[in-house]
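The values are calculated or read from the model by the stated rules, or taken from the named source; none is laboratory data. Note that the structure is predicted; figures quoted are calculated from it, not measured. Counting neighbours? That spans all protein chains shown, and the Cβs are built from the backbone with ideal geometry, glycine included.
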Amino acid sequence: MEKHIHIICLDVPYPPDYGGVFDLFYKLKYLHRAGILVHLHCFEYGRGQQDELKKYCHTVHYYPRKLNRAHLLGGIPYMVSSRADSALWRNLSKDHYPVLIEGIHCSFLLYKNKLRERKVILRLHNIEFDYYRLQSRHAPAGFKKLYYYIESLLLKRYEKKLSHKPDLVFTVTNNDRERYVSIFGRKDARYLPVFIPWNHLSSKEGRGEYCLYHGNLSISENEGVALWLIETVFTTLHIPFIIAGKNPSANLKKKAAKVPHIRIIESPDEETMQELIEDAQVNILPSFTNTGIKLKLLHALYCGRHCLVNDNMVTGTGLESLCRIGNKAEELTAEIQKIFKEPFTDTEMTRRLKILQSNFDNNKNAATLISMVWE
């Protein structure tokens, strides 16, 4: 008997060119490979309609995201209210297939009790109110800081009301699962690892000649991390340091330009970014937030040499043993001085691959999801 499922995505999940859509796209691909007929619903606000999605989905529907500030005033988080769409409800009402909601962002119909007659699965991408609270802390003063703060307050209230409505809740890390259970009391929340594009290591043995930090530099947290690394680590540590990512600010470029051994590579294409990650001696990836899983860490582990992180980046991910860890600037500095001279070996690659494959096997994780939805 054919198995159908509706999947509601917060964004168009192709191309998989930023961390937030990796899990979305590769989940579609592996569910399709397992014979599941996917009815995809996605909110489009700049990425366009993508014919590639038709290869993996039985049907594809697009809805405009309502990006006007009026949606800031309704008492519901903006990420949710801007994705409330009556056409989505009309399309879902045509059958009684299970519904997989990708992120709190897409949960308006669940919140309004419109999906009571069917099985509903909520996939959490973060503990969102935590994430927004931390974004507020690191955003510069102004509208964006205020927006993150208010959204965090609204999200905590909203998530509490929502937490017991779905039949199943999946998180992307064990840390998120434990926190969700603790805060919202949803004791049967389960950890389901993210779906990823990598199935083998492309890491290189030997040594690289520089340290690398990469990420979307238009995100306040990522810019804050880059500035912190410049100011507290690499102004005194005379080792080549590259910062690579989308849309660095004028302030970040100005700060980097003052230090001769620091270089910014602005908005590199996919091939250039891959080369930067593979050729670095150390991928340095501390984080100011401790929710969700950072896909850039997985990218570095599958494709790079040594990875240096802080506790925020790895706690509850199962990847702790694959990284060097330092939390204070002086700890990171000491670790860099050690591992900058250490060749990356085949033995380390073998150990790394074994641990990664035990967690991030797309076929196994698709089978787990299928068994839970149709048990």
Q) Just checking, which of 252, 168 is within 30 Å of residue 98 (Cβ to Cβ), at pLDDT 95 or above and surrounded by 18 or more Cβ atoms within 10 Å (Cβ to Cβ)? A) 168
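This table checks each residue for (1) among the charged types (D, E, K, R); (2) touching a His at 6+ places or on another chain (Cβ under 6 Å); (3) under 26 Å from residue 345 (Cβ atoms).
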site	(1), (2), (3)
199	no, no, yes
202	no, no, yes
215	no, no, no
218	no, no, no
231	yes, no, no
239	no, no, yes
243	no, no, no
246	yes, no, no
249	no, no, no
Q. What is the one condition in (1) over 27 Å from residue 158 (Cα atoms); (2) loosely packed, with under 14 Cβ neighbours inside 10 Å; (3) of a type outside the set (Val, Ile, Thr); (4) in contact (Cβ under 8 Å) with a residue 40 or more places away in the chain that residue 2 does not satisfy?
A. (4)
Q) Inside the stretch 226-333, counting only helices (runs of 4 or more DSSP H) that do not spill past its ends, which hold 1 or more residues that are of a type in the set (S, T, N, Q)? A) 250-257, 270-279, 311-314
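Rundown of residues vs (1) outside any loop (DSSP other than H, G, I, E, B); (2) assigned by TED's automatic domain parsing to the domain that holds residue 248; (3) surrounded by 22 or more Cβ atoms within 10 Å (Cβ to Cβ); (4) within 15 Å of the chain's Cα centre (by Cα), yes/no style:
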position: 175; (1), (2), (3), (4): yes, no, no, yes
position: 183; (1), (2), (3), (4): yes, no, no, no
position: 188; (1), (2), (3), (4): no, no, no, no
position: 202; (1), (2), (3), (4): no, no, no, no
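If I filter the stretch 291-315 down to residues being more than 19 Å from residue 356 (Cβ to Cβ) and buried (at least 21 other Cβ atoms within 10 Å of the Cβ), which single residue comes out as farthest from the chain's Cα centre (by Cα)?
Per the criteria, the residue is 310.
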Q | Filter result for residue 248 (more than 28 Å from residue 125 (Cα to Cα) and out of contact with any Lys or Arg (no Cβ under 6 Å at 6 or more places or on another chain)) | A | no
(Q) Are there strands (runs of 3 or more DSSP E) fully within the stretch 45-132 with at least 2 residues that are assigned by TED's automatic domain parsing to the domain that holds residue 166, in contact (Cβ under 8 Å) with a residue 24 or more places away in the chain and within 25 Å of residue 153 (Cα to Cα)? List them. (A) 99-102, 120-123
Q) Going by the structure shown, is residue 318 within 30 Å of residue 183 (Cα to Cα), modelled with pLDDT of 95 or more and surrounded by fewer than 21 Cβ atoms within 10 Å (Cβ to Cβ)? A) no
**Q.** Check on residue 21, free of Cβ contacts under 8 Å to residues at least 24 places away in the same chain and part of a strand (DSSP E or B)
**A.** no
Q) Of these, 275, 330, 348, which one is outside the structural domain of residue 23 (by TED's automatic domain parsing) and under 20 Å from residue 231 (Cα atoms)? A) 330
